[in-house]
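Chemist: Pasting a structure below so you can have a look.
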Amino acid sequence: MLLLALCFAAGLGAVTVEELPGQAEIGCIEIHGVAAGNFDADLWRKGDLHLLRDMRHPLLEPRQAGLYRNIYAPSAVRVEGGWRLFYGAWDGIDVYFDWIYSVFTKDFIDFGARETILNNGVFMHVCNVNALALAEGGFEMMYTVYPDKHDRNKPAYFKSPDGITWNGRSAPYPADYKDIVKIDGYPDYEDADVNGMNVIFREGDKLRLYFNNFRKFGKVFRAESQDGKNFVYKGVALECNLVVNDVKRFEVNGGHCWLMGLHMNREGLWYSLSPDGDTFSPEQPLLTHAGPEDLYIVALGWVTDGNRVLGVLYGAGAVPELNRNRIFARWLQKRVVFTSEDGTVCEPAGAVGPNRQIIRIPEGVNPRGALQVFAENGTTPLGNPIPIKNAATAVLRLVD
C-alpha cells in the first residue's frame, strides 16, 4: 500500500487514500469511497451540491426484445444487500401499455434480471410508481392508473409481504379499479387528474400522500391514511407549477429535514425542503440536462441509504413526445481533482454508481502529481493535497 504510506507521510488530516489491487481504464484514475456522507441540511439550503453525471448515460435502457421501448419512472428502495429499483415503462414489450417492473442492484454498478411486477389489467396504463420498504418486510407502492371510470388518471395502492405476491396475487399483478385510492375532503376528487404525481411516505401507522392535480395545477397537496386506500385531505404542502415525484426525510440536529423532488417535463429538476413535511419552502433548482439525450426530464427518484442522499435517478428523453425515455443518474459525491507535476489540472470526468469517480488523464500528461479532495459542495478542501507517484490506471479508495 505505497500510496497509503505516502499520504500519512504528508500529514494529511481528514482524508487519506489507499491503493486497491486492480486496474482502472487506460488513462484514468478510478477513485472509490467518494459517496456523500450524512445529510447536510445547510448544503441543501445553499444549493451547493456536487452532483456528478454517471458515465453510463443513460444508466438503464429498455430491453431490445419488444418494439415498445420507453423506460422512465424510477423509485429506488434500500433492501438488504443493495437496492430494489422499481420503475414504470414499456420495457421492450410488444404492447403499447405502461407496466411496472423491478430490478435488483447491489451498488448501481451492475443490475440483475428484470421482473414484471404489475401489468395494466383493466387500464390502458399503470406507471409512475413510488415505493417504500415496510418495517415488517415487503413493500408498499403508489402508482398511476389510466383511465379511471371518469377518463382521468388516479393514484392506486398495492403492497407485498415478500416482493413476490402483490395484493394477494403472484406477480405480475393485473391492476384493477378496486386499487384506486379515495381522498375524502379533497374537492372534486372524481374529476381530478392525478398523473405521475402520487408520492407516499410512511410514519409508523400513518401513510402520507403528496399529489398534484392537472385540472387545478399550481399546488402540491397532501393527505393521510391508515390503510393506504382511504385518505383524508390535509391541505397544501407547496405552491409551485411543478410535479412532485419523491419525498424523503432525514434526521438533522435532533429534528428532521424533509426533501421533496419535483419536475415539469422540461430540461431541469427542482427540490424543496421542510422541517415537518407539512409545509415546504419555495423550490430550488437541482440540476439541468447534460445533453440532447436527456433534454425532457419526466420523472425522478432519490437514491438514499439511511440518513444519506446518494443521488437522484431520473427518466428523460430527447423528444417532446416524451415516449423515448431512458433512466439517467447523478450522484452526490466528494470532488477529487488531480494536478500533474506539469501543471495540468484534471477534473472528474464522471461517476460510475454512487461510490466511484473517474478522472481522465490526457495523453502526454505527467502521471505524477497530487490529488485534492473536496467535500460534497465541491469547494471545501478535506485536508492537504495527496502526493501520487503514478496515477495512470490507478484504483484508489478514500479513507476518512
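Chemist: Only strands (runs of 3 or more DSSP E) wholly contained in segment 215-279 count here; list those with 1 or more residues that are at negative phi and in contact (Cβ under 8 Å) with a residue 60 or more places away in the chain. Explain how you work it out, then say what you get.
Modeler: Details: elements: 219-225, 230-239, 243-252, 255-263, 268-274.
Qualifying strands (runs of 3 or more DSSP E): 219-225, 243-252, 255-263, 268-274.
Chemist: Quick one: would you say E341 is exposed (fewer than 15 other Cβ atoms within 10 Å of the Cβ), at negative phi and touching a strand residue (DSSP E or B) at 6+ places or on another chain (Cβ under 6 Å)?
Modeler: yes
Chemist: Determine which member of the set L60, L51 is touching a residue at least 40 places away in the same chain (Cβ under 8 Å) and buried (at least 21 other Cβ atoms within 10 Å of the Cβ).
Modeler: L60
Chemist: Would you call G33 among the small types (G, A, S) and surrounded by fewer than 17 Cβ atoms within 10 Å (Cβ to Cβ)?
Modeler: no
Chemist: Filter segment 190-214 for residues that are touching a residue at least 12 places away in the same chain (Cβ under 8 Å), of a type outside the set (V, I, T) and not in a strand (DSSP E or B) and give the result.
Modeler: E190, D191, A192, D193, N195, G196, M197, D205, N212, N213, F214
Chemist: Conditions: (1) over 18 Å from L132 (Cβ atoms); (2) buried (at least 23 other Cβ atoms within 10 Å of the Cβ); (3) charged (D, E, K, R). R222 meets all but one. Number of the miss?
Modeler: Only one criterion in (1) over 18 Å from L132 (Cβ atoms); (2) buried (at least 23 other Cβ atoms within 10 Å of the Cβ); (3) charged (D, E, K, R) is unmet by R222, namely (1).
Chemist: With respect to the numbered conditions (1) farther than 25 Å from A73 by Cβ; (2) among the acidic types (D, E); (3) surrounded by 22 or more Cβ atoms within 10 Å (Cβ to Cβ), which one is the sole condition not fulfilled by D246?
Modeler: Result: D246 passes all but (1).
Chemist: Same structure, new question: For residues that are of a type outside the set (V, I, T) and farther than 17 Å from L132 by Cβ, scanning just segment 311-320, find the one that is surrounded by the most Cβ atoms within 10 Å (Cβ to Cβ).
Modeler: Residue satisfying both the conditions and the ranking: G315.
Chemist: Go through segment 49-70 and count every residue that is assigned to a strand (DSSP E or B) and over 16 Å from the mean Cα position of the chain (by Cα).
Modeler: Total meeting the criteria: 3.
Chemist: Inspect segment 188-196 for any residue being surrounded by fewer than 17 Cβ atoms within 10 Å (Cβ to Cβ), over 27 Å from the mean Cα position of the chain (by Cα) and at pLDDT below 95 and give the result as yes or no.
Modeler: Within segment 188-196, one or more residues are surrounded by fewer than 17 Cβ atoms within 10 Å (Cβ to Cβ), over 27 Å from the mean Cα position of the chain (by Cα) and at pLDDT below 95.
Chemist: Which of (1) farther than 25 Å from L43 by Cα; (2) touching a Pro at 6+ places or on another chain (Cβ under 6 Å); (3) not acidic (D, E) is the odd one out, the single condition G301 does not satisfy?
Modeler: Every listed condition holds for G301 apart from (1).
Chemist: On to the next question. Take segment 368-377 and flag every residue that is part of a loop (DSSP other than H, G, I, E, B) and surrounded by fewer than 18 Cβ atoms within 10 Å (Cβ to Cβ).
Modeler: Kept after step one, since they are part of a loop (DSSP other than H, G, I, E, B), are these residues of segment 368-377: 368, 375-377.
Result: R368, N377.
Chemist: Another question about this same structure. Within segment 90-99, count every residue that is within 20 Å of A131 (Cα to Cα) and part of a strand (DSSP E or B).
Modeler: Of the residues in segment 90-99, 3 are within 20 Å of A131 (Cα to Cα) and part of a strand (DSSP E or B).
Chemist: For the structure I just gave you, tell me whether A392 is assigned to a strand (DSSP E or B), over 30 Å from I93 (Cβ atoms) and assigned by TED's automatic domain parsing to the domain that holds E18.
Modeler: It is false that A392 is assigned to a strand (DSSP E or B), over 30 Å from I93 (Cβ atoms) and assigned by TED's automatic domain parsing to the domain that holds E18.
Chemist: Can you tell me which residues in segment 165-180 are part of a loop (DSSP other than H, G, I, E, B) and charged (D, E, K, R)?
Modeler: Listed by number, the list holds a single entry, D176.
Chemist: Restricting attention to segment 114-138, which residues are assigned to a strand (DSSP E or B) and crowded, with 22+ Cβ neighbours inside 10 Å?
Modeler: I117, L118, V126, C127, N128, V129, N130, A131
Chemist: Let me ask you something else. Condition test on A329, is it of a type in the set (A, V, I, L, M) and over 10 Å from the mean Cα position of the chain (by Cα)? Even if it seems obvious, please write down each step before you answer.
Modeler: Details: of a type in the set (A, V, I, L, M): yes; over 10 Å from the mean Cα position of the chain (by Cα): no.
Here the answer is no, as A329 does not meet what is asked.
Chemist: Within segment 72-82, how many residues are crowded, with 24+ Cβ neighbours inside 10 Å and either of a type outside the set (G, A, S) or over 14 Å from the mean Cα position of the chain (by Cα) (or both)?
Modeler: The number of residues fulfilling the criteria is 2.
Chemist: Further, regarding this structure: For segment 71-89, check the following and say yes or no: at least one residue is more than 19 Å from N323 (Cα to Cα), assigned to a loop (DSSP other than H, G, I, E, B) and of a type in the set (G, A, S).
Modeler: Yes.
The values are calculated or read from the model by the stated rules, or taken from the named source; none is laboratory data. If you're wondering where the values come from, they're calculated on a predicted model, not measured in any experiment. Positions of Cβ are generated from backbone atoms using ideal geometry, with glycine treated the same way; all protein chains shown enter the neighbour counts.
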